[in-house]
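All remarks here apply to the structure that follows.
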Amino acid sequence: QPQLVESGGGLVQAGGSLRLSCAASRIIFSAYTMGWYRQAPGKQRELVATITTGGRTNYAESVKGRFTISRDNAKNTVWLQMNSLKPEDTAVYYCNAYFGSLDSWGQGTQVTVSS
């Protein structure tokens, strides 16, 4: 079973930046599409960004131009650089690894943006 461990969350003021990391183990990392999702209180989990094995990226409209997803297959790590943070970005952020029928999640890391 793949293991995904997120880190880098915290409390930041609006306009600030955070960088989330997700370290993967027990998977062939380079074969997986990696993604970041988030879930705010009382809301459904939503896509934030994904990056394919070939490096193609996809972003939610709400984060385009502010967030950047990247990966290093040699380090089995995916990052989410979050700039110009807004209070509405407050949520638990989850790392996801997807390959065919295999879909794994991390435990999540809290991001809180104060106004």
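The values are calculated or read from the model by the stated rules, or taken from the named source; none is laboratory data. Owing to the predicted nature of the structure, the values given are computational and were not obtained by experimental measurement. Glycine also receives a Cβ, built like all others from the backbone with ideal geometry; neighbour counts cover every protein chain displayed. To get the accessible areas, we keep the full protein, side chains included, count just its heavy atoms, and leave off ligands, DNA and RNA. Shrake-Rupley method; radii C 1.70, N 1.55, O 1.52, S 1.80 Å.
Mind checking which residues of the stretch 84-115 are among the hydroxyl-bearing types (Ser, Thr, Tyr) and assigned to a loop (DSSP other than H, G, I, E, B)? Selection gives Ser84, Thr90, Ser101, Ser115.
Identification of strands (runs of 3 or more DSSP E) wholly contained in the stretch 1-74 with 2 or more residues that are touching a helix residue (DSSP H, G or I) at 6+ places or on another chain (Cβ under 7 Å) yields 46-51. Within the stretch 1-32, being β-branched (Val, Ile, Thr), open to solvent by less than 40 Å² (accessible area, probe 1.4 Å) and modelled with pLDDT of 95 or more holds for one residue alone: Val12. For the stretch 38-72, what are the residues that are closer than 17 Å to Pro87 by Cα, surrounded by 17 or more Cβ atoms within 10 Å (Cβ to Cβ) and either among the β-branched types (Val, Ile, Thr) or free of Cβ contacts under 8 Å to residues at least 60 places away in the same chain (or both)? Scanning the stretch 38-72 gives Val48, Val63, Phe67.
The set of residues in the stretch 33-62 that are closer than 22 Å to Pro2 by Cα and touching a Leu at 6+ places or on another chain (Cβ under 8 Å) comprises Gly35, Trp36, Tyr37, Val48, Ala49. Evaluation of Asp89 against the conditions (1) in contact with a Lys or Arg (Cβ under 7 Å, 6 or more places away or on another chain); (2) open to solvent by less than 40 Å² (accessible area, probe 1.4 Å); (3) charged (D, E, K, R) shows that the sole unmet condition is (1).
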